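Reading through the C-alpha cells given below for one structure.
The values are calculated or read from the model by the stated rules, or taken from the named source; none is laboratory data. These figures come from a predicted structure and were not determined experimentally. Quick reminder, even Gly has a Cβ in these numbers, built from the backbone with ideal geometry, and neighbours come from all protein chains shown. Heads up: the accessible areas ignore ligands, DNA and RNA and are worked out on the full protein's heavy atoms, side chains in. Shrake-Rupley method; radii C 1.70, N 1.55, O 1.52, S 1.80 Å.
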Amino acid sequence: MNLFSHRPGPLLALMLAVCLTISLRAQESAPQVFSLDAAVEYAMANGTAIKNARVDILDAEQNVKERLSTGLPQINGSLDFTHYLKVPVLPLPEAFAMGDPNAPTSIAFQLKNSFTAGLSAQSMLFDGSFFVGLRAARASGDYFNLQLENTQRTLRSQVVKAYFPVLLLKTNVGILDRNISNLEKLKNETEAQYEAGFVEQLDVDRLVLSLNNLRSQRDQVARQGENALRALKFTLNYPLEDGLQVEDDLDKLETEIEAAALTADIPYLRRPELRLLDKTIELQKLNEELTRAAYLPTVYANVAAQYQYQGDNFSDGFWAPTVLVGLQANIPIYDFGGRSARKERAILATQKVVNQRNDVERSIQLEVLNARTTFVGASDRLAVVKSNLELAERIYETTQVKYREGVGSSIEIVQAEQALYESQANYLNALYETLVAKEDLYLALGRPQ
C-alpha cells in the first residue's frame, strides 16, 4: 500500500490548519526589535514630516516644469457653433427705397447657422520675468532639499531623545530585578537565622520593608517604561498597538567624543538652518530682479487660423478661411510709483532675512558653547558617580559578608542598600544626561552622531 496516495483525514487536516494559524499569529504578534540606528532608519522612512518634505521636493520639480512651459509656444484650438432662432437685422435708411413702397426696410448680415473652427499659437519672444522666475523655481528646489536635510536632522534628534528614556527605564528595571533577587535571598537567609534564634524579628521586618519598597519602585519604573515606549512609537510613526522592543545596552553606548568637537572652530555652514537662510537670501535677490524686470517690455508672437461656415441650412452655405500673424508688445511707461514701491519692498524683505541670518549665526554660537559646557559637566559627573557606584557596591558586599558572619547589623545592611540604590540611580541619570548632552552637542555642530 502507498501511504502517500491517501489524503489526510478531516481531523488531521483541521489540526494542521489550527497549527498553521497559531504559527502565523505568533509571527504576526512577535514585536519588532530596534537598535538606535534601526529606529532612526524606520523614522526616516515613515515619518510624516519626512514624507511631506519629499512631497515639497517633487512639487518644486513640477514648479520648474510649469515655469518652463510659460516660455514655450502655447497652442490652443477652438470650436464655435451658433444657431440664430431669429436672425438680427439692421434698419435701412429711407434713401435705399428710392420711392419704392415695396422696398425692404431692414437687412440681415448674418445667416441662421454659423460654425467656426480655429487654431492659434502664441510664443514669447521676450519677457524678462520669465528667466528670473525660472531661476527662482530651480533655486526653490535646492531650498526644499535643504529643508529635507533639516527635517531629517531634527527627526533624528527626536528619535534619539525618545529612544534613550526607553533604554534607561529598561536598564533600571533590570537593575531593580537584580536588587530584588539579592534582597529576597538575604531576607530568606535572615528568616532562617531568626528561626534559629540568631537575629531578631526587627531584622526580618527591616528587610521585608525594603523589599516591598523595591517592588513598588520596580512596578512604577515599569509603567514609566510603557509610557516612554509609546512616546517612542509615536515619534517613529510606528503603530501604537504593535509590539516594539529596544535592543541596545545603555552601558555600552559610547559617551566619549573626539577632542575637535570641543575645541575646533564652529562649523556654521554645517547647520542646514543657516544654509536655508542663505538660499532664502538668494531667492529674495531673485525677487528683486523680478521687480526690476517689470520695467522691461514684453514681446509675444501670435499665429491664428480659422475656418468659418455660414448658411441658413447645412447644404447651401459657404466657407470662409482666415489666417493671421501678429506681434504684441507691452511697454511699461508710468504707473505712478507702483513698480518702484514693489522693488523697494523686495529690497527691504531681503534685508530682513539678512538680519535674521545674523541672529541665527549668533544663536548657533551660543548653542555650541553651551552644549560643549554641558557635555563636559555631564561627562565629569558621570566619572564621579561611576566611581561612587563601584564604591557603594563594595560597601554593600562587605556589609553583607559582615552580616552573615554575625559581626554586622541589619541597620548597616539597610543603610548600605539605600546607598547602593541611590548610587545606581545617580549613575543611570548621569549616563542618560551624558548621552543626551553628546547628542545635543553633535546637533549643535550640525552633524549626525
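Quick notes on this one:
- Test: residue in region 374-389 that is over 28 Å from Asp248 (Cα atoms) and of a type in the set (Lys, Arg): no
- Screening region 67-84 for residues that are closer than 18 Å to Thr116 by Cα and either β-branched (Val, Ile, Thr) or part of a loop (DSSP other than H, G, I, E, B) (or both) and picking the one that is modelled with the highest pLDDT gives Ile75.
- Filtered by the rule that a residue be small (Gly, Ala, Ser) and surrounded by fewer than 13 Cβ atoms within 10 Å (Cβ to Cβ), region 329-362 gives Ala329, Gly337, Gly338, Ala341.
- Criterion violated by Arg447 - all others in (1) open to solvent by 20 Å² or more (accessible area, probe 1.4 Å); (2) in contact (Cβ under 8 Å) with a residue 40 or more places away in the chain; (3) part of a helix (DSSP H, G or I) satisfied: (3)
- Taking residues in region 39-55 that are exposed (fewer than 13 other Cβ atoms within 10 Å of the Cβ), and partners anywhere that are of a type in the set (Lys, Arg) and at pLDDT 95 or above, not one pair has Cβ atoms closer than 7 Å while being at least 6 places apart or on different chains.
- Pick from region 179-223, criterion acidic (Asp, Glu) and over 49 Å from the mean Cα position of the chain (by Cα), ranking: farthest from Ala392 (Cα to Cα): Glu195
- Filtered residues of region 183-216 (kept if among the polar types (S, T, N, Q) and surrounded by fewer than 16 Cβ atoms within 10 Å (Cβ to Cβ)): Asn188, Gln201, Asn212, Asn213, Ser216
- From Val33, Val87, residue being of a type outside the set (S, T, N, Q), modelled with pLDDT of 75 or more, open to solvent by 60 Å² or more (accessible area, probe 1.4 Å) and not in a helix (DSSP H, G or I): Val33
- Counted residues, region 91-106 - those being open to solvent by less than 100 Å² (accessible area, probe 1.4 Å) and either at pLDDT 90 or above or in contact with a strand residue (DSSP E or B) (Cβ under 6 Å, 6 or more places away or on another chain) (or both): 2
- Of note, Glu258 does not satisfy the criterion of being open to solvent by 40 Å² or more (accessible area, probe 1.4 Å), touching a residue at least 40 places away in the same chain (Cβ under 8 Å) and acidic (Asp, Glu).
- Just one of the numbered conditions (1) in a helix (DSSP H, G or I); (2) open to solvent by 30 Å² or more (accessible area, probe 1.4 Å) is not true of Ser423: (2).
- The condition of being part of a helix (DSSP H, G or I), at pLDDT 90 or above and of a type outside the set (Asp, Glu) holds for Ser140.
- Phe131 assigned to a helix (DSSP H, G or I), out of contact with any Phe, Trp or Tyr (no Cβ under 8 Å at 6 or more places or on another chain) and at pLDDT below 90: yes
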